[in-house]
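**Student:** Pasting a structure below so you can have a look.
Any read-out appearing in this document is the output of simple, stated calculations on the displayed coordinates, not a laboratory observation. Note that this is a predicted model, so its numbers are computed, not measured. Here the Cβ positions follow ideal geometry from the backbone for every residue, glycine too, while neighbour counts run over all protein chains shown.
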Amino acid sequence: MNAQNIVVQKFGGSSVANLDCMKQVLRNVQKPLADGKKVIVVLSAMSGETNRLLGLVKQWSSTPDLAEVDSLVSTGEQVSIALFTMLLKDAGVKARSFLGFQIPIITDDFFSSARILRIDNKKIFKALETYDVLVVAGFQGCTEDGRITTLGRGGSDTSAVAIAAAINAEVCDIFTDVSGVYTTDPNITRKARKLDTVSYDEMLEMASMGAKVLQIRSVEFAKKYNVIIHVRSTFSDEQGTIVSQEDSQMESILVSGIAYDKDQARITLSHVPDKPGISAAIFTPIAEQGLLVDMIVQNLTETEFTDVTFTVPRSDVEKTLEILTSLKSTLEYQDLRSDANVCKVSIIGVGMRNHSGVAAKAFLALSDENINILMISTSEIKITCLIEDKYGELAVRTLHDTFKLDEMSYSNK
Ligand code: ADP
Ligand code: ASP
Ligand code: MG
């Protein structure tokens, strides 16, 4: 079967939240069908369901077995695909549902954040000879030896892009509750403007800095296999945002977006001996436990002691503190502190590669609002500031105004 005749569409939790929403999904699926195409539909769990299941885990166990957690939380998607396939069949469409293991989508065994290793496209092509629509459960896969895994929060995006890559589809449609990727979260400021195009690199930075509209791994997949992502609304026909390879027009835009991440905490080790190997001694045991450290700052001092500060996701603070407490005698630090009242605000744009002064402009704008910057980190196309949590939304709005992101122009230089 020719991949050009197959469309891959993913619908998120709010798009399958109830019967009315699912009927809207049905209309979106029927459009390519009417053009004679076959459709692979990837669905999330109904909104709130994954959180509900994770809530059960908390009630049942303080040290849950991660494989069993995945077995449980993956059920949300099973419900959506079965219900939606019923709707399709009632509408006279030849369709069937697939769980991850039935395809199979093979992953590693990092339960709760498994990575897709490969997808067998033979069964997909075979099934498309019989059915016009395959409805696949997002967010889940299975290990080589058949245990169910999940791909991390927001993982259905990755399921969809990976399937698109596996069948060589050119485009993967990601339908959601907003009309595309915006200059910042449209739920924070009304001035947020929908972007027509975003490069993979910008989207990677936006996703890793907290814009949850696409899971970061889905963008990594898309970039690696050159799949164009079209982020668009389930509830309107308007053209969304194309996420693709950078082009010269994109480069002329200095700042494309502002991302915002509340899920952050800061950890400080004070009075640590300033000697070779100390950073490795701190961060190796943390990495070995699979914890993700983001910003790191080590103070410059005149003495042989220093302070080391870094950030981790809020949910990992306890675990990180435990590890560092158990290493107190090795690391010889004086004090260990954590602060969860922080958030990260990032300015992202490929145009920054060729222009200076963005950081200075951003710092000035924040200081005009009396917002103190606690930590700073930069990459070629991103500047991130850690600030007090309570100023997060103000900072987003201030930076959005400073770089005139509400105006459609290529010259916010
Ligand atoms: P789905 O359930 O469809 O997967 P998500 O809730 O995971 O949807 O992602 C969509 C949400 O992402 C939007 O409702 C919006 O609040 C949020 N979001 C954050 N940053 C952005 C951005 N820059 N552009 C668009 N949406 C964003
Ligand atoms: N249902 C999963 C979650 O809530 C996966 C997804 O929606 O993409 O994280
Ligand atoms: Mg999502």
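**Student:** Rounded, prolate or oblate, given the Cα gyration tensor of the range 1-130, with a/c below 1.5 counting as rounded?
**Tutor:** oblate
**Student:** How are the alpha carbon pair distances in the range 193-334 distributed across 10 Å bins from zero to the largest one, expressed in percent?
**Tutor:** Whole-percent P(r) values from 0 Å outward: 10, 31, 23, 20, 13, 3, 0.
**Student:** Equivalent ellipsoid semi-axes for the chain, as square roots of 5 times the alpha carbon gyration tensor eigenvalues: give them largest first, rounded to whole Å.
**Tutor:** Numbers: eigenvalues 303, 152, 63 Å².
For the chain, the ellipsoid semi-axes come out as 39, 28, 18 Å.
**Student:** Residues with amide H under 5 Å of Phe305's amide H, sequence separation 5 or more or different chain, H placed in the peptide plane at 1.01 Å from N; which?
**Tutor:** Close amide H contacts, sequence-distant or interchain: Asp274.
**Student:** Karplus couplings for the range 352-366 from phi (6.51 cos²θ - 1.76 cosθ + 1.60, θ = phi - 60°), rounded to Hz, Gly and Pro as x?
**Tutor:** Ordered by residue, 3J(HN,Hα) equals 4, 3, 10, 10, 9, x, 5, 4, 4, 4, 5, 4, 5, 4, 5 Hz.
**Student:** Let me ask something else about it. Using DSSP, restrict attention to beta bridges with both residues in the chain and report what percent are antiparallel, rounded to the nearest 5. The partial results should precede the final answer.
**Tutor:** On the way: 44 of 73 bridges.
Within the chain, antiparallel bridges account for around 60 percent of the total.
**Student:** From the convex hull of the Cα coordinates of the range 252-362, what is the mean projected area in square nanometres?
**Tutor:** On the way: hull surface 34.8 nm².
Reported value for the Cα convex hull: 8.7 nm².
**Student:** Please report the Cα spread of the range 23-100 along all three principal axes, rounded to whole Å, starting with the longest.
**Tutor:** That works out to 51, 20, 17 Å along the principal axes.
**Student:** How much length, in nm to one decimal, is gained on full extension between His271 and Asn370, taken as 0.36 nm per residue of separation minus their Cα-Cα distance? Provide the component values of the computation, followed by the final result.
**Tutor:** Working: separation 99, 0.36 × 99 = 35.64 nm, distance 2.93 nm.
Taking 0.36 nm per residue and subtracting the Cα distance, the gain is 32.7 nm.
**Student:** Using only the alpha-carbon atoms of the range 190-268, report the extent along each of the three principal axes, biggest first, to the nearest angstrom.
**Tutor:** 45, 31, 26
**Student:** Still on this structure, I have one more. Bin by bin, in steps of 5 Å, what percent of the Cα pairs in the range 73-161 do you find, going until the bin that has the longest distance?
**Tutor:** All Cα pairs considered, the percentages come to 3, 16, 25, 23, 18, 10, 4, 1.
**Student:** Run lengths n ≥ 4 of DSSP H only: what is the helix-derived mean residue ellipticity at 222 nm for the chain, with -39500 (n - 2.57) per run over all residues, to the nearest 500?
**Tutor:** -10000 deg cm²/dmol
**Student:** Pop out the ³J(HN,Hα) list for the range 45-60 in order, Karplus 6.51 cos²θ - 1.76 cosθ + 1.60 with θ = phi - 60°, rounded to Hz; leave Gly and Pro as x.
**Tutor:** 6, 4, 4, x, 5, 5, 5, 4, 5, 5, x, 4, 4, 4, 5, 7
**Student:** If you take the beta carbon distance between Ser379 and Ser236 as r and set R0 to 30 Å, what does 1/(1 + (r/R0)^6) give as a FRET efficiency, to the nearest 0.05?
**Tutor:** 0.30
**Student:** Take the alpha carbon atoms of the range 299-353, find their radius of gyration, then divide it by 2.2 N^0.38 Å using N residues; give the quotient.
**Tutor:** On the way: Rg = 15.6 Å, N = 55, 2.2 N^0.38 = 10.1 Å.
With N residues counted in the range 299-353, Rg over 2.2 N^0.38 Å equals 1.54.
**Student:** Take the Cα gyration tensor of the range 80-233, multiply each eigenvalue by 5, square-root it, and list the three semi-axes largest first, rounded to whole angstrom. Present the calculation step by step, with values, prior to reporting the outcome.
**Tutor:** On the way: eigenvalues 147, 74, 41 Å².
Each semi-axis is the square root of five times an eigenvalue, giving 27, 19, 14 Å.
**Student:** Taking a spot 7 Å from the Cα of Ala287 along the direction of its beta carbon, which residues of the range 323-342 have an amide N less than 17 Å from it?
**Tutor:** 324
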